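K.L.:
Submitted below is the structure of interest, expressed as structure tokens.
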Amino acid sequence: METGSARPKAGLIDWIGLRWFFLLLSSSIGQKFVMGVTGLLLCGFLVAHLAGNLLLFAGAKWFNDYAHKLHEQWEFLIVAETGLFVLFLAHIYLAFATTFGNAKAREEQYAVKQTKIKGRVIGANSWMFASGAVVLGFVLLHLTDLRLAADGINLRGFKYTDDAFGNTLMVLKNPISRAVYVIGSIVLGIHLSHGFASAFQSLGLNHPKYMPLIKIGGKVFAVVIAVGFASIALFAPEIWRGYVPVSH
Amino acid sequence: MNHSTSKTLNLTLKIWRQTGPDQPGALKTYTLTNISTDMSFLEMLDVLNEQLIAKGEEPVAFDHDCREGICGTCGVMINGQAHGPDNATTTCQLHMRKFNDGDTILIEPWRAKAFPIVRDLVVNRSAFDRIIQSGGYVSVNTGGAPDANAIPVPGHMQKDAMAAAACIGCGACVASCKNASAMLFVSAKVTHMANLPQGQAERSKRVLSMVATMDAEQFGNCSNTAECEAACPAGIKLSNIAQMNREYMKALLFSCE
Ligand code: HEM
Ligand code: FES
């Protein structure tokens with residue numbers, strides 16, 4: 001079998017033995033594999049993050065204990081945050097790379113285009129880049145709101161204290177922030193309503209026995225994440241209306 | 001539907017006309033009267049072309065060969081759907097009884113960077129040929145026909161391989177995909193041979209090479225929207241793409257190719 005003109009000439013990359021890594025990040029299937037892996041790992045982070053944040057409903061003591069214990073383990077946090085940063089970077093880089101490649105693959109559009117899938121209205125699958133971009137914007141805002149502030153970088157003009165519970169409520173009490181947090185959570189859910197099951201397909205994890213479960217599981221997961229995070233933004237500030245932040 | 005109660009249709013056609021690969025194209029409107037509902041879609045286009053020729057105009061160029069859903073040459077976009085409104089049907093198998101009197105039918109060529117337009121509705125699909133040339137075959141000599149029972153193939157593998165072999169290479173998957181991706185086509189070829197004993201020797205090399213050629217031909221990536229599966233006249237499934245993904249990653253990370 002001829003390997004074809006598609007395989008480039010051996011070069012430096014083969015000499016250092018990284019052709020496989022180059023193809024992982026540049027071939028169509030490699031790119032979607034990495035998107036799927038990073039997407040699912042980010043989903044794992046979402047589960048941990050939501051579980052921690054639901055403690056906002058339990059009260060100041062619970063949430064602040066959790067926050068302190070988490071931040072005491074700074075060695076773990078450095079590794080985890082670096083890992084998250086790399087996951088995001090890879091996912092976003094590939095989102096741009098694949099979206100540009102896909103746009104180039106059809107330069108002239110159809111005058112009319114209709115789906116042949118019965119009952120499909122608007123698919124979240126057509127809005128992955130848009131929903132991802134909204135999530136990115138939201139994540140950046142969220143980081144300036146509550147993560148950078150913890151390092152003493154205040155870009156938002158809130159009056160932060162060292163009471164993590166109080167700070168979170170303060171941000172969520174601002175009506176604009178609150179609306180943005182609710183919308184961000186819902187758009188994230190939309191991203192996941194296609195992304196979760198899609199990632200399994202990209203990883204080649206498709207099996208007649210498990211496919212229905214993966215598909216339904218993906219929708220359920222998307223709803224749990226969206227409703228979970230949105231409910232915090234909607235209800236936590238109401239439940240703890242009378243809370244007075246404590247400075248230690 | 002009762003075939004004997006044939007009716008006739010009056011139609012408005014909007015057809016993409018383009019004189020050559022680098023020429024500008026545009027939709028042109030034609031009217032047709034008294035089209036029998038028993039006609040096939042291509043016979044309807046034949047009638048149009050006879051009328052155009054009689055008037056001294058250039059007939060509409062469209063690809064076709066077998067007119068029975070085997071050769072895969074006839075695909076066009078009909079009202080924005082690859083091969084028209086039916087599932088599991090090629091353009092040549094589509095009948096005019098699927099349309100109503102007074103309908104406007106929009107006909108466009110497949111649109112993809114990798115499928116340049118040759119003329120009107122005809123596109124150049126040789127990118128598919130180059131993908132096949134880069135690995136879509138078995139190059140070992142299989143000798144004379146062995147005793148069928150001497151090569152055990154599990155039933156489900158045999159069924160999967162046969163189902164994948166049904167691909168006629170028409171390009172409807174590319175045409176219907178928002179990314180103009182060829183994954184369904186390539187996956188049918190890759191899995192067809194990966195599931196059979198004869199395909200094992202070149203299993204890793206094949207998938208690496210065919211995917212590299214697919215990428216070099218500038219087809220888009222897969223967004224898992226399943227539009228290709230719905231448009232495929234041969235019933236190729238999304239699970240073929242999943243298997244190709246698996247084959248590719250295994251070959252990329254663990255094979256010696
Ligand atoms: C918490 C954050 C995020 C999570 C959990 C997440 C999760 C996922 C998952 C699971 C997939 C499916 C992967 C696949 O199809 O193989 C995916 C795809 C995708 N994501 Fe994200 N994502 C996140 C943020 C983002 C961001 C910030 C962007 C930036 C624009 C983005 C853009 C995309 C795109 C373009 C796709 C591919 C869709 C396609 O192939 O059609 N995502 N995401
Ligand atoms: S003409 Fe051969 S498949 Fe339609």
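K.L.:
Suppose we filter B:Ala251, B:Ala216, B:Ala212, B:Ala231 for residues that are facing chain A (nearest Cβ under 7 Å) and open to solvent by less than 20 Å² (accessible area, probe 1.4 Å); which single one remains? Can you show your working first?
P.N.:
Working: B:Ala251 fails: facing chain A (nearest Cβ under 7 Å); B:Ala216 fails: open to solvent by less than 20 Å² (accessible area, probe 1.4 Å); B:Ala212 fails: open to solvent by less than 20 Å² (accessible area, probe 1.4 Å).
Testing whether each residue is facing chain A (nearest Cβ under 7 Å) and open to solvent by less than 20 Å² (accessible area, probe 1.4 Å) leaves just B:Ala231.
K.L.:
Got at least one residue in segment B:83-94 being under 12 Å from the mean Cα position of the chain (by Cα) and surrounded by fewer than 21 Cβ atoms within 10 Å (Cβ to Cβ)?
P.N.:
Yes, the conditions are met somewhere in segment B:83-94.
K.L.:
Among the residues that make up segment A:64-73, is at least one of them within 14 Å of another protein chain (Cβ to nearest Cβ), of a type in the set (Gly, Ala, Ser) and either within 25 Å of the chain's Cα centre (by Cα) or under 30 Å from B:Ala180 (Cα atoms) (or both)? Steps first, please.
P.N.:
First pass over segment A:64-73, keeping only residues within 14 Å of another protein chain (Cβ to nearest Cβ): none.
Looking through segment A:64-73, none of the residues is within 14 Å of another protein chain (Cβ to nearest Cβ), of a type in the set (Gly, Ala, Ser) and either within 25 Å of the chain's Cα centre (by Cα) or under 30 Å from B:Ala180 (Cα atoms) (or both).
K.L.:
Filter segment A:131-159 down to residues that are within 13 Å of A:His194 (Cα to Cα) and surrounded by fewer than 15 Cβ atoms within 10 Å (Cβ to Cβ), then give me how many there are. First the steps, then the outcome.
P.N.:
Initially, segment A:131-159 is screened for residues within 13 Å of A:His194 (Cα to Cα), giving A:131-132.
Now restrict to residues that are surrounded by fewer than 15 Cβ atoms within 10 Å (Cβ to Cβ): none.
Going through segment A:131-159 one residue at a time, the tally reaches 0.
K.L.:
If I go through segment B:95-105 residue by residue, how many of them are within 11 Å of chain A (Cβ to nearest Cβ) and either surrounded by fewer than 18 Cβ atoms within 10 Å (Cβ to Cβ) or of a type in the set (Phe, Trp, Tyr) (or both)?
P.N.:
Going through segment B:95-105, the residues within 11 Å of chain A (Cβ to nearest Cβ) turn out to be B:104-105.
Pick out the ones that are also either surrounded by fewer than 18 Cβ atoms within 10 Å (Cβ to Cβ) or of a type in the set (Phe, Trp, Tyr) (or both) and you get B:104.
Residues flagged as within 11 Å of chain A (Cβ to nearest Cβ) and either surrounded by fewer than 18 Cβ atoms within 10 Å (Cβ to Cβ) or of a type in the set (Phe, Trp, Tyr) (or both) within segment B:95-105 amount to 1.
K.L.:
Could you run through segment B:176-209 and say how many residues are surrounded by fewer than 23 Cβ atoms within 10 Å (Cβ to Cβ) and under 18 Å from A:Gln201 (Cα atoms)?
P.N.:
Residues flagged as surrounded by fewer than 23 Cβ atoms within 10 Å (Cβ to Cβ) and under 18 Å from A:Gln201 (Cα atoms) within segment B:176-209 amount to 1.
K.L.:
Only one of (1) open to solvent by 50 Å² or more (accessible area, probe 1.4 Å); (2) touching a residue at least 24 places away in the same chain (Cβ under 8 Å); (3) under 15 Å from the mean Cα position of the chain (by Cα) fails for A:Asp162. Which number is that?
P.N.:
Condition not satisfied by A:Asp162: (3).
K.L.:
Still on this structure: Keeping to segment B:125-156, report how many residues are assigned to a loop (DSSP other than H, G, I, E, B), touching a residue at least 60 places away in the same chain (Cβ under 8 Å) and surrounded by 15 or more Cβ atoms within 10 Å (Cβ to Cβ). Before the answer, list the steps.
P.N.:
We begin by selecting, within segment B:125-156, every residue assigned to a loop (DSSP other than H, G, I, E, B); these are B:125, B:134-147, B:151-154.
Next cut, touching a residue at least 60 places away in the same chain (Cβ under 8 Å) only: B:134-136, B:138-140.
Among the residues that remain, those that are also surrounded by 15 or more Cβ atoms within 10 Å (Cβ to Cβ) are: B:134-136, B:138.
Residues that pass the stated criteria total 4.
K.L.:
Something else now. Could you grab me the full set of residues in segment A:120-178 that are over 30 Å from B:Lys178 (Cα atoms), in a helix (DSSP H, G or I) and polar (S, T, N, Q)? Steps first, answer last, please.
P.N.:
Step one: list which residues in segment A:120-178 are over 30 Å from B:Lys178 (Cα atoms), which gives A:141-178.
Narrowing further to those that are in a helix (DSSP H, G or I): A:141-147, A:149-151, A:164-173, A:175-178.
The answer is A:Thr144, A:Asn167, A:Thr168, A:Ser177.
K.L.:
Then there's this: Just to verify a result, which residue in segment A:82-108, among those that are exposed (fewer than 12 other Cβ atoms within 10 Å of the Cβ) and part of a helix (DSSP H, G or I), is nearest to the other protein chains (Cβ to nearest Cβ)?
P.N.:
Ranking the candidates gives A:Phe100 first.
K.L.:
Checking the structure you have, find out if any residue of segment A:62-84 is of a type outside the set (S, T, N, Q) and closer than 28 Å to A:Ser28 by Cβ. Spell out how you get there, then give the answer.
P.N.:
Going residue by residue through segment A:62-84, those that are of a type outside the set (S, T, N, Q) are A:62-63, A:65-72, A:74-81, A:83-84.
From what's left, closer than 28 Å to A:Ser28 by Cβ: A:83-84.
Checked segment A:62-84: at least one residue is of a type outside the set (S, T, N, Q) and closer than 28 Å to A:Ser28 by Cβ.
K.L.:
With the requirement that a residue be near ligand 2 (Cβ under 10 Å from one of its atoms) and closer than 23 Å to B:Ser36 by Cβ, what does segment B:48-64 give you?
P.N.:
Residues of segment B:48-64 near ligand 2 (Cβ under 10 Å from one of its atoms): B:62-64.
Within segment B:48-64, B:Phe62, B:His64 qualify.
K.L.:
Follow-up. Every residue in segment B:75-119 that is within 16 Å of ligand 2 (Cβ to nearest atom), part of a loop (DSSP other than H, G, I, E, B) and in contact (Cβ under 8 Å) with a residue 40 or more places away in the chain, please.
P.N.:
Passing the criteria: B:Gly75, B:Val76, B:His83, B:Gly84, B:Asn87, B:Ala88, B:Thr89, B:Thr90, B:Leu94, B:Pro109, B:Trp110.
K.L.:
Looking at segment B:179-198, is at least one residue more than 15 Å from the chain's Cα centre (by Cα) and within 16 Å of ligand 1 (Cβ to nearest atom)?
P.N.:
Narrowing segment B:179-198 to residues more than 15 Å from the chain's Cα centre (by Cα): B:179, B:190-198.
Those still in the list that are within 16 Å of ligand 1 (Cβ to nearest atom) too: B:179.
Looking through segment B:179-198, at least one residue is more than 15 Å from the chain's Cα centre (by Cα) and within 16 Å of ligand 1 (Cβ to nearest atom).
K.L.:
Further question: Could you check, for segment A:18-28, whether at least one of its residues is away from ligand 2 (no atom under 16 Å from the Cβ), under 26 Å from A:Ser231 (Cβ atoms), basic (Lys, Arg) and not in a loop (DSSP other than H, G, I, E, B)? Break it down into steps so the answer makes sense when it comes.
P.N.:
Going through segment A:18-28, the residues away from ligand 2 (no atom under 16 Å from the Cβ) turn out to be A:18-28.
In the following step, the residues that additionally are under 26 Å from A:Ser231 (Cβ atoms) were identified as none.
Within segment A:18-28, not a single residue is away from ligand 2 (no atom under 16 Å from the Cβ), under 26 Å from A:Ser231 (Cβ atoms), basic (Lys, Arg) and not in a loop (DSSP other than H, G, I, E, B).
K.L.:
Taking the condition part of a loop (DSSP other than H, G, I, E, B), of a type in the set (Gly, Ala, Ser), open to solvent by 60 Å² or more (accessible area, probe 1.4 Å) and more than 14 Å from chain A (Cβ to nearest Cβ), does B:Gly72 pass? Working first, answer last.
P.N.:
Numbers: part of a loop (DSSP other than H, G, I, E, B): yes; of a type in the set (Gly, Ala, Ser): yes; open to solvent by 60 Å² or more (accessible area, probe 1.4 Å): no; more than 14 Å from chain A (Cβ to nearest Cβ): yes.
It is false that B:Gly72 is part of a loop (DSSP other than H, G, I, E, B), of a type in the set (Gly, Ala, Ser), open to solvent by 60 Å² or more (accessible area, probe 1.4 Å) and more than 14 Å from chain A (Cβ to nearest Cβ).
The values are calculated or read from the model by the stated rules, or taken from the named source; none is laboratory data. Quantities reported herein were computed from a predicted structural model and do not represent experimental measurements. Positions of Cβ are generated from backbone atoms using ideal geometry, with glycine treated the same way; all protein chains shown enter the neighbour counts. Heads up: the accessible areas ignore ligands, DNA and RNA and are worked out on the full protein's heavy atoms, side chains in. Shrake-Rupley method; radii C 1.70, N 1.55, O 1.52, S 1.80 Å.
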